[in-house]
Amino acid sequence: MTSREILKEMFVLQQSLNDDTNGKGWEKGYTKQGKLINWKRCIHMECSELIDSFSWKHWKNISKPTDWENVRVEVVDIWHFVMSLLLENYYNESRGDIDQLVEDVANTKGFREFCKEAYSSHVSDDLELINDIESIIHLCTGYNLELFDGLLHRYFDVALKCGINLTTLYRYYVAKNVLNRFRQDNGYKEGNYKKVWGGKEDNVVMLELLDNTTPTPQELYNKLLAKYKSL
């Protein structure tokens, strides 16, 4: 797959997930239940969860190693909301279809570098990386958010420093997209879903099922279903 094909598949999957979860017309800012949607806040909060993967506290667990596996999961979670924000913007501003959005993302500063090898997780100082993540938070708490050379460029930079490039992002994104669908199908929105499976969060179980293979979305869904039924 080319980089543009990868981008398009992710945007199509995200559009479908948002349509199923929030109802058609979610781009207008409300779910089918009338709940206000704020994608910038979603990005902000996921960035905070990403920061918590690092040992930033000066009063607690000061020698705790960075949870790099969780770092990668949180980077992918942020991407869900970045894509949703872009889809919403293109719909409301009549900027074009998904093909046009993909082209604009592909031409964003930093994307070409994002398609290359990711950096080693030991290259960047943790505190410097936290500052980079906080810069995304600052962008999303302001009123005038520049989506491409601002938000996207910084996201690509942070992702690379966290060990995620486009290929890895795609692999993890497809897996998390399947898990999100699985959650919705099993009572997540209603509060009936069990997020901890035998002492492990479902994110961790998903990664274990993913392992070093790349199952199809349906294969991964079936594996999750079998695990969930065995609880």
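Remarks
- Of the helices (runs of 4 or more DSSP H) contained entirely in the stretch 153-211, those carrying at least 3 residues that are over 26 Å from Leu127 (Cβ atoms) fall at 166-185, 202-210.
- Residue pairs meeting the criteria (Cβ under 7 Å; at least 6 apart or on separate chains; first touching a residue at least 60 places away in the same chain (Cβ under 8 Å), in the stretch 1-22; second part of a helix (DSSP H, G or I) and among the hydroxyl-bearing types (Ser, Thr, Tyr)): Ile6/Tyr170; Met10/Tyr170; Met10/Tyr173; Gln14/Ser84; Asn18/Ser84
- Residue, farthest from the chain's Cα centre (by Cα), within the stretch 119-134, restricted to residues that are surrounded by 14 or more Cβ atoms within 10 Å (Cβ to Cβ) and part of a loop (DSSP other than H, G, I, E, B): Ser124
- Yes/no for Glu146 being surrounded by fewer than 13 Cβ atoms within 10 Å (Cβ to Cβ), without any contact (Cβ under 8 Å) to a residue 24 or more places away in the chain and within 24 Å of Asp20 (Cα to Cα): no
- Tally, over the stretch 54-82, of residues that are modelled with pLDDT of 90 or more and more than 23 Å from Leu166 (Cβ to Cβ): 2
- Number of the exception - Val174 against (1) surrounded by 18 or more Cβ atoms within 10 Å (Cβ to Cβ); (2) among the hydrophobic types (A, V, I, L, M, F, W, C); (3) modelled with pLDDT of 90 or more; (4) within 25 Å of Val105 (Cα to Cα): (3)
- Condition check for Ile137: assigned to a loop (DSSP other than H, G, I, E, B) and surrounded by 17 or more Cβ atoms within 10 Å (Cβ to Cβ): no
- Filtered residue count, the stretch 39-73, keeping only those that are surrounded by fewer than 18 Cβ atoms within 10 Å (Cβ to Cβ) and in contact with a Gly (Cβ under 8 Å, 6 or more places away or on another chain): 1
- In the stretch 30-41, the residues that are without any contact (Cβ under 8 Å) to a residue 12 or more places away in the chain form Cβ pairs under 7 Å with partners that are in a loop (DSSP other than H, G, I, E, B) and loosely packed, with under 15 Cβ neighbours inside 10 Å, at six or more places apart or across chains, as follows: Thr31/Gly23; Lys32/Gly23; Leu36/Gly29.
- Filter pass, Gly25 being more than 20 Å from the chain's Cα centre (by Cα) and either farther than 23 Å from Cys162 by Cβ or surrounded by 13 or more Cβ atoms within 10 Å (Cβ to Cβ) (or both): yes
- Selection of first residues in the stretch 47-73 that are without any contact (Cβ under 8 Å) to a residue 60 or more places away in the chain and of second residues that are acidic (Asp, Glu), restricted to Cβ pairs under 7 Å at least 6 apart or on distinct chains, gives the following pairs, ordered by first then second residue: Glu49/Glu74; Ser53/Asp67; Ser53/Glu74.
- Listed by position, the helices (runs of 4 or more DSSP H) inside the stretch 59-118 whose residues that are in contact with a Lys or Arg (Cβ under 9 Å, 6 or more places away or on another chain) and not hydroxyl-bearing (Ser, Thr, Tyr) number at least 2 are 68-92, 98-106.
The values are calculated or read from the model by the stated rules, or taken from the named source; none is laboratory data. Note that the coordinates shown come from a computational prediction; the quantities given were computed from them, not determined experimentally. Counting neighbours? That spans all protein chains shown, and the Cβs are built from the backbone with ideal geometry, glycine included.
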